[in-house]
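Structure, as structure tokens:
The values are calculated or read from the model by the stated rules, or taken from the named source; none is laboratory data. Predicted model only: the values in this text are computed from it and were never measured. Neighbour counts run over all protein chains shown; Cβ positions are idealised from the backbone, glycine included. Heads up: the accessible areas ignore ligands, DNA and RNA and are worked out on the full protein's heavy atoms, side chains in. Shrake-Rupley method; radii C 1.70, N 1.55, O 1.52, S 1.80 Å.
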Amino acid sequence: MVLSPDTASPIQSKRQAMRKSRRRTIVRHTILILWGLLIMFPIYWMVQTSFKDSGEWVTWPPNWVPHSPTLQNYGQIFTFDITKEGVARQATEQPFNIWGALGDSVLICTLSALIALFMGTFLAYAISRFNVGGSKFRHSVLIIRMIPPIVIAIPLLMYYAIMVPLAAETVLGTRISLFDTRVGMSLLYITITLPFVIWMMLTFIEEVPYSLEHAARIMGAGRMYTLRRVVLPLVASGMVVTFLFVFILNWAEFLLALTLTHPDVTTLPVLLNKFQSASEGRLYGPQAAIGTIITIPVIVLGMIIQKHLIKGFSFGTIRK
Amino acid sequence: MANIRLTELVKEFGSTVAVKGISLDIENGEFLIIVGPSGCGKTTTLNMISGLETPTAGEIMIGDRVVNDVEPGDRGLGMVFQDLALFPHMSVFENIAFGLRVQKMEDQEVQERVRAAAEALYILPLLYKRPNQCSGGESQRVALARTIVNNPDVFLMDEPLSSLDAKLRVDMRTELKRLHDRLKATFVYVTHDQAEAMTMADRIVVMNGGKVEQVGSPLDIYDTPMTQFVAGFFGMPTMNFLEGVLTSSNGDPIFKSGSLEISLPEESTQNIKDNKVVLGIRSEHVSVSDGALRGQARIIEPLGDASLVYFEFGEEEELVAKVSPELRISPGDQLMFSLQASHCHLFDQSDGHRLN
């Protein structure tokens, strides 16, 4: 008996389809892997440079791996004693250790992220429950993020270095400057990240059904009690995500910090830029070491956020 | 214990008027059910009683005080929500204890009262579970326990059974009624399910379009609906309606609709001025085993204890009859039917009000 084409074709076409989909998978993965390599390569180059001796930083052709791996760069940025021989050799007028900048960065980023989170959460609650600012406010609040930082950098410098001290002197009789201060930087970071906090917390707060708050009110709970016992615990993981997200934004901010600080306050991205010596130009090794150190918290926090995001977004299942 | 009095209650949301001047007296210890289609203003009315919504105009009295400006928590109410509103991050115990904790009650007393409430609703083994670990019926009991633990004078319930499956819903109805008998508190219950209203209520308030259509006992409402809307809303299947005119032959009133002519009892049509009417008749008052009118069966729906026969007559007019299941009728069968004239309801064609 001859197999009719009708009965054979489904099997054939199934095989063809499988072959086609496998080919598609291979192409897709190849593109993604190449793209991944392209993205990851500078990070690899930074990390491996941080382990290179000064002689290897700019050799041509480049060394793809350090020939004589060294911790010297890390030693230099983590040293406590900047007068030490090996360090002082390359030193210009800049102190080449990371501790001061690390302290400034951690303090400014944490403080401003916490305050922005606190303010933003309550603002988001007010917008969500009382429609503060009207129905379009939640969208217009993001506009502040659309302004390129370079546009506000110089006007802010004016305010920080001239207007505020002048006003303080006129009104209070003492000169108070926001330029090159931790408070000044924190205020700035609170302002520019607040829209993000409001936007993100709005999403989380809107997930909490009104009926939960109504139930609490009927049982005699006041607004603050309800907020503390019902709403905030339900958006806690959202608050963690938002805090970390904002912290990362602040941690990596460069332009405004560069414009509005010098020489007392230095954040890590600004410090990175200061690593050059009169004799050798850019100090790529220590720069790469600092870059690596700065990147680590970003990667770790990013991973934590990922987990919390999944947890945060599962709130839609409150209603059975 | 408390009675509730609503006087000319109005609620507007912007240009929409959700509740258009409702006046209602709810007796102490009564099980009152507000029923109506979605958007009829029943939940808004309940929310105004609870204090979650402020009335635009009118007055709400609970007991002998006006509560318009009293906070929800100070009105002595308990409420069960449509989505139950259990706090997902707290154990069942803490959910039930919430109201007591707000009052800063001693821990010992909280323990005792929560346990007593849980025992009354058979949920003692659930106390240390989270709400999302409870089944639909269990969550329902937790929500009820959370309400009764505060000993409110008035229980407000906003479609609390709507999330349950059909069987559980019927069981919970009986249980709610038992709970009402035991607590002897005032229950105000909102639902869109006429069967729930019929089975549980002492009195039913039927609402439509922000207004009260009728207030009465379940049987009153079923037997003597005051408007065509109420007549159509209650009863399964929906009441048959036929548009027609009232005429008379030899002094006897006759309802005429197409080829159909029914002579009505004289006293039922005495006060009717306009002759354009809608005749309503429930399916159980339509007989298909004997009669002088000819029809043809279209669809048969066996219910077990009875069968519904949908049949056509005249110019594609349709009626439904509820008949004994022993009566074997198949789709397409010719049948002779009659309507019990004493059970006919007559409504005004223009405004739907009852005429007889």
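Couple of notes before you dig in:
- The one condition from (1) in a loop (DSSP other than H, G, I, E, B); (2) without any contact (Cβ under 8 Å) to a residue 12 or more places away in the chain; (3) not basic (Lys, Arg) that B:Pro88 does not meet is (2).
- For segment A:230-261, residues that are buried (at least 19 other Cβ atoms within 10 Å of the Cβ) and within 14 Å of another protein chain (Cβ to nearest Cβ) total 7.
- Selection within segment B:42-62 - surrounded by fewer than 20 Cβ atoms within 10 Å (Cβ to Cβ), within 25 Å of the chain's Cα centre (by Cα) and away from every other protein chain (no Cβ under 14 Å): B:Gly58, B:Glu59, B:Met61
- Output for segment B:154-193, where each listed residue is closer than 14 Å to B:Gly29 by Cβ and more than 14 Å from the chain's Cα centre (by Cα): B:Val154, B:Phe155, B:Lys177, B:Leu179, B:His180, B:Asp181, B:Arg182, B:Leu183, B:Lys184, B:Ala185, B:Thr186
- Segment A:172-226 - residue that is within 14 Å of chain B (Cβ to nearest Cβ) and basic (Lys, Arg) and, of those, most open to solvent (accessible area, probe 1.4 Å): A:Arg223
- Enumeration of residues in segment A:230-279 that are touching a Phe, Trp or Tyr at 6+ places or on another chain (Cβ under 9 Å) and of a type in the set (Asp, Glu): A:Glu253
- A:Ser140 open to solvent by less than 30 Å² (accessible area, probe 1.4 Å), among the polar types (S, T, N, Q) and modelled with pLDDT under 95: no
- Taken across segment B:238-253, residues that are among the hydrophobic types (A, V, I, L, M, F, W, C), out of contact with any Ser or Thr (no Cβ under 6 Å at 6 or more places or on another chain), assigned by TED's automatic domain parsing to the domain that holds B:Gly136 and open to solvent by 50 Å² or more (accessible area, probe 1.4 Å) do not occur at all.
- Filter result for the condition that a residue is in contact with a Cys (Cβ under 8 Å, 6 or more places away or on another chain), at pLDDT below 95 and on the phi < 0 side of the Ramachandran plot, over B:Leu126, B:Leu144: B:Leu126
- Residues of segment B:101-142 that are open to solvent by 10 Å² or more (accessible area, probe 1.4 Å), of a type in the set (S, T, N, Q) and touching a residue at least 40 places away in the same chain (Cβ under 8 Å): B:Asn132 alone.
- Qualifying positions in segment B:102-111 - in contact with a helix residue (DSSP H, G or I) (Cβ under 7 Å, 6 or more places away or on another chain) and either small (Gly, Ala, Ser) or facing chain A (nearest Cβ under 8 Å) (or both): B:Val102
- Residue within segment B:205-219 that is part of a strand (DSSP E or B) and open to solvent by 70 Å² or more (accessible area, probe 1.4 Å) present: yes
- Cβ-Cβ contacts under 6 Å between residues 6 or more apart (or on different chains), taken from a first residue in segment B:308-334 that is without any contact (Cβ under 8 Å) to a residue 40 or more places away in the chain to a second residue that is of a type in the set (A, V, I, L, M) and open to solvent by 50 Å² or more (accessible area, probe 1.4 Å), are listed as B:Tyr310/B:Ile299.
- Residue in segment A:273-287 that is surrounded by 19 or more Cβ atoms within 10 Å (Cβ to Cβ) and either under 15 Å from the mean Cα position of the chain (by Cα) or more than 24 Å from A:Val47 (Cβ to Cβ) (or both) present: no
- Checking B:Gly73 against (1) of a type in the set (Gly, Ala, Ser); (2) part of a loop (DSSP other than H, G, I, E, B); (3) open to solvent by 10 Å² or more (accessible area, probe 1.4 Å); (4) facing chain A (nearest Cβ under 10 Å), the condition it does not meet: (2)
- The criterion of at least 3 residues that are of a type in the set (Gly, Ala, Ser) is met by the following helices (runs of 4 or more DSSP H) wholly inside segment A:204-266: A:210-218, A:232-251.
- Subset of segment B:76-100 (residues that are at the interface with chain A (Cβ under 9 Å from one of its Cβ atoms), of a type outside the set (A, V, I, L, M) and open to solvent by 10 Å² or more (accessible area, probe 1.4 Å)): B:Phe81, B:Gln82, B:Asp83, B:Pro88, B:His89
- Hits in segment B:174-194 - residues which are of a type outside the set (A, V, I, L, M) and over 18 Å from B:Ala116 (Cα atoms): B:Thr174, B:Lys177, B:Thr186, B:Phe187, B:Tyr189, B:Thr191, B:His192, B:Asp193, B:Gln194
- Residue count for segment A:46-63 satisfying the condition of being touching a residue at least 12 places away in the same chain (Cβ under 8 Å) and over 16 Å from A:Gln276 (Cα atoms): 6.
- Of the candidates A:Gly316, A:Gly312, the single residue that is at pLDDT below 85, out of contact with any Leu (no Cβ under 6 Å at 6 or more places or on another chain), within 14 Å of another protein chain (Cβ to nearest Cβ) and open to solvent by less than 10 Å² (accessible area, probe 1.4 Å) is A:Gly312.
- With respect to being modelled with pLDDT of 90 or more and more than 24 Å from B:Thr227 (Cα to Cα), B:Asp290 falls outside the description.
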